[in-house]
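Every number in this text was worked out from the coordinates using simple rules, so none of it is lab data. This structure is a prediction, so every number in the text was calculated from the model and none was measured. When we count neighbours, we look across all protein chains shown, and the Cβ atoms used for this are built from the backbone with ideal geometry, even at glycine.
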């Protein structure tokens with residue numbers, strides 16, 4: 001006896017096909033989630049490095065400000081070579097070797113630059129101008145300096161500082 005089987009109405013095995021399709025869909029979602037996570041981790045890593053370099057550059061100019069604060073008289077310029085640019089001639093303190101052939105003054109501990117959290121930084125202080133302090137006569141002058149700080153050759157911060165010195169005592 002031959003039995004006729006209708007293939008259209010036969011649903012045996014359909015559950016396994018539906019399960020495989022669902023598994024494939026979940027697998028694709030998982031793979032795309034892993035890719036998204038990897039991209040997000042790279043973004044976070046770059047943001048963290050950016051923040052670290054910014055804070056190192058911020059510390060660099062503060063280091064220069066501390067050096068300037070420790071001076072009891074206006075510091076003299078360290079570069080005297082007339083072939084240098086006007087900005088290079090105005091430098092009163094250059095810490096580190098941020099550029100080739102930069103004239104440096106004395107470094108602490110015989111190092112040419114410093115690091116914070118393994119990120120190199122340098123700074124320089126340039127004389128900008130000076131003026132008589134109002135109401136003090138010619139004995140007190142307000143000096144204005146430009147402090148540039150750089151971290152990892154990527155982040156540069158420039159600040160202007162004022163300091164009053166007594167002149168000719």
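Shape of the range 10-76 from its Cα gyration tensor (a ≥ b ≥ c, root eigenvalues): rounded if a/c is under 1.5, otherwise prolate when a/b > b/c, or oblate?
Values: a/c = 17.40, a/b = 11.68, b/c = 1.49.
Prolate, since a/c reaches 1.5 and a/b exceeds b/c.
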When 144, 91, 34, 157 are ranked with the fewest other C-beta atoms within 10 Å first, the list becomes 34, 144, 157, 91
For residue 153 and residue 73 in the same chain, what is the full-extension length gain: residue separation times 0.36 nm, less their Cα-Cα distance, in nm? 25.7 nm
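Determine the shape class of the range 48-88: with a ≥ b ≥ c the square roots of the Cα gyration tensor eigenvalues, call it rounded for a/c under 1.5, and otherwise prolate if a/b is greater than b/c, oblate otherwise. Intermediate results must be reported in sequence, preceding the final value.
On the way: a/c = 5.80, a/b = 1.56, b/c = 3.71.
It is oblate, given that a/c is not under 1.5 and a/b is not larger than b/c.
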For a quick check: sort 148, 77, 42 by the number of other beta carbons within 10 angstrom, fewest at the front. 42, 77, 148
Starting from the Cα gyration tensor of the range 36-166, take the square roots of the eigenvalues, sort them a ≥ b ≥ c, and report rounded, prolate or oblate (rounded when a/c is under 1.5, otherwise prolate if a/b is larger than b/c, else oblate). prolate
Between residue 131 and residue 163, with labels modelled 7 Å along Cα→Cβ, what's the label distance in nm to one decimal, could you check? 2.0 nm
